[in-house]
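Asks: Please see the structure below; I have some questions.
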Amino acid sequence: MNGRKKHIHTKLQQMGKMLGLDDSDINNAKRTAVSTLSIAIAAAVVILIGKIVTSQLDAVGLYYTGVSIKDFGLLSRFF
Amino acid sequence: MLKSKHIPLSVAWELTLTCNMKCMHCGSSAGYTRTHELTTKEALDLCHHLQELRAKYINLTGGEAILRKDWYDISKEIRDLGMEVSVLSNGLALNEKIISQFKKVGVYAIALSLDGGTAETHDSIRGVPGSFEKCLSSLKALKKENLPTTVITTVHKGNLKELSKIRDLIIGKTKAWQIQIAVPIGRFPMDFILTKEEFYAVALFIASTRKHYSVKELAVMGAHSIGYHSRVLRNTMVSPVWNGCQAGISVLGIQSNGGIKGCLSLPDSYIEGNIRQRSLADIWDDPNAFSYNRNCKNSDLKNQCASCRFGKTCKGGCTTVSASITGAPHNDPYCLYFIETNMLVE
């Protein structure tokens with residue numbers, strides 16, 4: 001682990017300690033190349049759907065942002 | 001007046017301010033009935049106006065929504081008009097009759113508030129002894145009836161350390177868990193607000209929990225106020241992209257007396273009008289309404305957001321958090337990107 005990564009990890013450990021998070025929790029929380037790629041793909045799909053829906057309904061921001069229960073509602077279809 | 005290009009897809013409707021709890025963090029200072037709440041006829045008419053605006057998800061909240069005697073009739077009207085209805089409840093007044101009404105009306109989701117991992121914490125935050133046990137038994141009863149539930153936890157200094165306990169309590173008992181931060185609106189005391197480090201720790205907890213549990217086991221999500229462009233953590237929000245606060249864009253808030261805001265959580269200075277004076281469509285389609293979001297320009301961004309590379313799309317995070325803490329929109333200090341810039345990465 002290089003100096004910068006070590007600094008970040010130590011700081012995360014300090015903050016995680018407040019909630020009783022251990023080293024494995026901290027590692028779980030961090031992004032990885034795979035999770036970054038997954039989120040980029042998911043974001044691209046969501047933006048694409050958003051753009052299609054937006055152009056059809058002439059609404060801005062439709063279907064890809066918003067408050068919790070709406071999010072829950074939309075995504076629960078895929079659970 | 002020209003129709004707005006925006007659609008209030010998601011509506012938070014405060015049916016009544018009447019409440020059977022006295023939560024320390026309540027942003028509406030709920031308890032007593034608001035003066036001049038909408039009549040049943042006005043509420044049923046409003047359902048039609050929402051449909052005309054192409055609203056899709058109507059979230060009934062309060063106070064405690066189910067304490068309003070006509071909540072079922074309003075819910076049924078919403079469903080009959082083809083919209084989805086969700087109910088936010090503290091669980092205290094839930095009984096067999098209400099649960100069967102939820103089923104009958106076909107509610108989309110029932111959100112229950114759980115703010116502590118122990119009875120001592122939850123009951124003291126909510127001001128009602130026994131409310132913890134009642135909340136858990138309500139959750140169990142809803143699950144037994146196969147009704148979709150989500151648990152909502154509002155985090156502050158008083159319950160920060162109990163997130164793991166809450167998680168252990170609700171695993172297998174709910175479909176989803178939404179975690180949000182308390183902000184100084186209503187009767188929430190400023191000295192209980194999380195520090196930025198504590199806020200970051202909550203995001204850390206959410207990111208870690210999301211990796212640990214599949215969405216089928218427990219779909220954990222940070223609310224719209226926990227996130228934004230982290231370079232270190234996994235996504236903490238439901239949506240993989242943050243496109244800025246949606247108040248007045250795809251989100252609408254309705255107060256029980258007919259007051260209209262972009263988001264129900266916003267302070268009252270953000271009321272755009274009242275449906276008793278102007279129709280809902282008039283307020284929504286007004287080109288000058290909700291201008292803090294609809295007409296947000298880069299020059300509106302303040303403090304750290306003014307120079308942020310994500311500023312244009314982010315628009316300065318959650319308007320409610322920003323306005324309640326700094327007094328102005330577009331500079332939400334509870335931002336993962338900003339905190340990382342100051343404490344972690346550079």
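We did not get these values from a lab; they are worked out from the coordinates using the rules stated. For clarity, every value in this text was computed on a predicted model and none was experimentally measured. Heads up, the Cβs are rebuilt from the backbone with ideal geometry, glycines too, and the neighbour counts pull from every protein chain shown.
Asks: What 222 nm value per residue comes from the helices of chain B, counting each DSSP H run with n ≥ 4 as -39,500 (n - 2.57) and dividing by all residues, nearest 500 deg cm²/dmol?
Replies: Per the formula, -8500 deg cm²/dmol.
Asks: Out of B:Val155, B:Ile170, B:Val183, whose Cα points farthest toward the positive end of the dipole of segment B:131-193 (charges: +1 Lys, Arg; -1 Asp, Glu; placed on Cβ)?
Replies: B:Ile170
Asks: Further question: For B:Asp268 and B:Ser214 in the same chain, what is the full-extension length gain: residue separation times 0.36 nm, less their Cα-Cα distance, in nm?
Replies: Gain in length upon complete extension: 15.5 nm.
Asks: More than 26 Å apart: what percent of Cα pairs in the protein assembly as shown qualify?
Replies: Of all Cα-Cα distances in the protein assembly as shown, 53 percent exceed 26 Å.
Asks: Counting other Cβ atoms within 10 Å of each Cβ, which GluC sites (Glu not before Pro) in segment B:98-165 have at most 14 and sit in a DSSP loop?
Replies: B:Glu145
Asks: As a quick test, which of the pairs B:Lys41/B:Lys315; B:Lys216/B:Lys302; B:Lys22/B:Lys165 have an alpha carbon distance above 31 angstrom in this structure?
Replies: B:Lys41/B:Lys315; B:Lys216/B:Lys302
Asks: How large is ³J(HN,Hα) for each residue in segment A:32-39, as worked out from phi by the Karplus curve 6.51 cos²θ - 1.76 cosθ + 1.60 (θ = phi - 60°), to whole Hz, x for Gly and Pro?
Replies: Along segment A:32-39, the couplings run 10, 4, 5, 5, 5, 5, 4, 5 Hz.
Asks: Over 15 Å apart: what share of the alpha carbon pairs of segment B:21-87 falls there, rounded to a whole percent?
Replies: 55
Asks: Placing unit charges on C-beta atoms (Lys and Arg positive, Asp and Glu negative, everything else neutral), compute the dipole magnitude of segment B:206-346 about its Cα centre in debye, rounded to 20.
Replies: Computed charge dipole of segment B:206-346: roughly 360 debye.
Asks: While we're here: Evaluated at 10 °C with a viscosity of 1.306 mPa s, what Stokes-Einstein diffusion coefficient in µm²/s does chain B have when Rh comes from the Kirkwood expression over alpha-carbon pairs?
Replies: The diffusion coefficient I find is 77 µm²/s.
Asks: Next question. Give the separation of the Cα centroids, segment B:162-208 to segment B:45-111, in Å.
Replies: Result: 26 Å between the Cα centres.
Asks: Still on this structure, please answer the following. Under the Karplus relation 6.51 cos²θ - 1.76 cosθ + 1.60, θ = phi - 60°, what is the ordered set of whole-Hz ³J(HN,Hα) values for segment B:331-342, x standing for Gly and Pro?
Replies: Using θ = phi - 60°, the values come out as 7, 5, x, 8, 10, 4, 4, 5, 5, 5, 4, 7 Hz.
Asks: Now for a different question. Calculate one ³J(HN,Hα) per residue across segment B:93-107 by plugging θ = phi - 60° into the Karplus curve 6.51 cos²θ - 1.76 cosθ + 1.60, and present them in order as whole Hz with x for glycine and proline.
Replies: The phi angles translate into 9, 5, 8, 4, 5, 5, 5, 5, 5, 4, 5, 4, 7, x, 5 Hz.
Asks: Now a separate question. Taking the DSSP beta bridges in segment B:112-269 as the whole, what percent of them are antiparallel, to the nearest 5?
Replies: Of those bridges, close to 10 percent are antiparallel.
Asks: Work out, step by step, the length gained on full extension between B:Ser100 and B:Met343: first 0.36 nm times the residue separation, then minus their alpha carbon distance; give nm to one decimal.
Replies: Extra length from B:Ser100 to B:Met343 when fully extended: 82.4 nm.
Asks: Report, by chain and number, residues whose modeled amide H sits under 5 Å from the one on B:Asn59, excluding near sequence neighbours (fewer than 5 apart, same chain).
Replies: B:Val11, B:Ala12, B:Trp13, B:Ser86
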